[in-house]
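Let me begin by presenting the structure, written as structure tokens, before commenting on it.
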Amino acid sequence: MKIIIHRGIDQIGGCITEIASYGGTKILIDLGHNLPDGDKSSIDSLESPGSLDDLLSGVSHIFYSHYHNDHLGFEAKVSTKTIQHIGALSLSMVRNLRSHMTKAKDLCKEAQASLAALNRFQAYISYKRVQYGDIFVTPLPVSHSAIDAHMFLIECDGKIVLHTGDFRDHGYRGEELLQRINDLLKLRVDVLIIEGTMLARADKRMINEVELQDQAIDLLNRSKYVFVLCSSMDADRLTSFIMAAQRQNKKRRIIADRYQVQQIIAIKKASSKPYNGIFAYNYYNETRIELDRMKRYGFMMFVRNSKTFEKNIDDILTEAAINPHDVLFIYSQFMGYLLKEHKAFKIDLYNFVHRHEWNIVHLHTSGHASKEAIKTLCELANPTTAIIPIHKEGRGSLQTLNLNVDCPIIEYSTVVNDIEIIIK
Ligand SMILES: [Zn+2]
Ligand SMILES: [Zn+2]
């Protein structure tokens, strides 16, 4: 078997792992786009003519661990010879996103091409082991800031590889899902390919989504009028805020736009939690009556950085005569986007968050595995041959975790136990 880490050994995002059998079957785990630096558009060598075709030559299947853009970004450019696979709920959520993107002039063409490609996708089923050529793939559900994320157990040439994708144990179902994976790991694992986003970041205990929900209730108790900025694709986070609002005051109005409501409906289908009473904001229709209720009972409104939301927010504050000083703005994303000295700084987002002189609070927890969760999984898997860390900054190292495992950490090309590992 050959394992090629095309990207990820020294970068977060743009993930691509190839697994090839000696019999000639070639599959990819993720085909992600490089992440942008702050407001700059992302540079990706795979955009240059021919590069993607070279990479995909002979690849029969691509398995996406989840829908984040750094794992799924080139789907429209993949030829019909290669079959692309993702979970069914992920597929619905990406379709909703791309349909929404068609409304923006500059994104419309790209989004339509993506929708056409998504129609050809196949949905894999959690825990169902399927044979592709002489490789077997079993998707294992995990918790991440993208719902319906999966790890993959790959059997090839008598060896077993576990590719974690992005994961964490501090989201809803995080511990339970890792426990199920632990049970499966009673099988032998030869190579573990694991995400290491947090390896280069400071040690800090990460709160879980339940604690975040409780903190959100405290904030809602203090503020009648609340805007929340979080990802419309982050099911756990939407859930945390919706549950917090429902627990805090049943009468408080929960407001989203139509796109966010579509995503919440998709999430609701896969959940037993009650996502009721969410009002889809549309200023020109029934909103007049809703504004009165928002003023009377208070509200929590999901927002995004866009011209439409700027206008909606301004209209609400003006029409309902709400003083911005009485408003709480909860920023629930990565803090680096708002820090001028950080390479991820986004000036547009900063301006949006600071649009009014309201009270701003940061309430967030990472979508990625803590150092302890990484250590736990490495030691549970205790592979026979190698641990390969990916999705990490170059300075992030597994060595610092003092792993109690019997195999080496590999970040260089080598051949070990009949497995050829190539790090590009
Ligand atoms: Zn990622
Ligand atoms: Zn991700």
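Only one of the listed residues (Ile360, Ile388, Ile409, Ile422) is more than 29 Å from Lys204 (Cβ to Cβ), away from ligand 2 (no atom under 16 Å from the Cβ) and not acidic (Asp, Glu). That residue is Ile422. Scanning the stretch 295-344 for residues that are assigned to a strand (DSSP E or B), surrounded by 19 or more Cβ atoms within 10 Å (Cβ to Cβ) and aliphatic (A, V, I, L, M) turns up Met300, Met301, Val303, Val327, Ile330. Every condition in (1) in contact with an Asp or Glu (Cβ under 8 Å, 6 or more places away or on another chain); (2) in a strand (DSSP E or B) holds for His33 except the one numbered (2). Might you check whether a residue that is under 26 Å from Tyr259 (Cβ atoms), part of a helix (DSSP H, G or I), among the hydroxyl-bearing types (Ser, Thr, Tyr) and open to solvent by less than 50 Å² (accessible area, probe 1.4 Å) occurs anywhere in the stretch 100-112? No - not one qualifying residue is present in the stretch 100-112. In the stretch 200-246, the residue that is surrounded by the fewest Cβ atoms within 10 Å (Cβ to Cβ) out of those that are in contact with a helix residue (DSSP H, G or I) (Cβ under 6 Å, 6 or more places away or on another chain) and of a type in the set (D, E, K, R) is Glu209.
In the stretch 39-47 there is at least one residue matching the filter, namely being charged (D, E, K, R), assigned by TED's automatic domain parsing to the domain that holds His391, over 20 Å from the mean Cα position of the chain (by Cα) and within 30 Å of Phe352 (Cβ to Cβ). Report whether or not His325 is modelled with pLDDT of 95 or more and within 20 Å of Ser232 (Cα to Cα). Taking the combined requirement at face value, the residue does not satisfy it. Restricting attention to the stretch 154-170, the residues being open to solvent by 10 Å² or more (accessible area, probe 1.4 Å) and not basic (Lys, Arg) number 6. Could you please let me know if Leu89 is closer than 17 Å to Asn69 by Cβ, hydrophobic (A, V, I, L, M, F, W, C), surrounded by fewer than 24 Cβ atoms within 10 Å (Cβ to Cβ) and touching a residue at least 24 places away in the same chain (Cβ under 8 Å)? So Leu89 does not fit the description; no. Within the stretch 32-59, restricting attention to residues that are away from ligand 2 (no atom under 16 Å from the Cβ) and open to solvent by less than 30 Å² (accessible area, probe 1.4 Å), which residue is modelled with the lowest pLDDT? It comes out as Gly38.
Only one entry in Lys204, Lys186 is more than 16 Å from ligand 2 (Cβ to nearest atom) and farther than 26 Å from Ser397 by Cβ, namely Lys186. The numbered conditions (1) in a helix (DSSP H, G or I); (2) small (Gly, Ala, Ser); (3) within 22 Å of Leu52 (Cβ to Cβ) are all true for Ser79 except (1). Could you grab me the full set of residues in the stretch 346-361 that are acidic (Asp, Glu) and in contact (Cβ under 8 Å) with a residue 40 or more places away in the chain? Within the stretch 346-361, just Asp348 meets the criteria.
Looking across the stretch 190-200, just one residue is charged (D, E, K, R) and within 14 Å of ligand 1 (Cβ to nearest atom), and that is Glu195. Regarding Lys371, is this residue farther than 30 Å from Asp166 by Cα and either in contact with a helix residue (DSSP H, G or I) (Cβ under 7 Å, 6 or more places away or on another chain) or modelled with pLDDT under 95 (or both)? Criteria not met by Lys371.
When each of Ile181, Ile193 is tested for being assigned by TED's automatic domain parsing to the domain that holds Ser143, part of a strand (DSSP E or B), more than 29 Å from Met101 (Cβ to Cβ) and under 24 Å from the mean Cα position of the chain (by Cα), the lone residue that passes is Ile193. Scanning the stretch 1-31 for residues that are within 12 Å of ligand 1 (Cβ to nearest atom), modelled with pLDDT under 95 and buried (at least 18 other Cβ atoms within 10 Å of the Cβ) gives Arg7, Gly8, Ile12, Gly13, Gly14, Cys15.
The values are calculated or read from the model by the stated rules, or taken from the named source; none is laboratory data. Remember, predicted model here, so these are calculated numbers, not experimental data. Neighbour counts run over all protein chains shown; Cβ positions are idealised from the backbone, glycine included. Heads up: the accessible areas ignore ligands, DNA and RNA and are worked out on the full protein's heavy atoms, side chains in. Shrake-Rupley method; radii C 1.70, N 1.55, O 1.52, S 1.80 Å.
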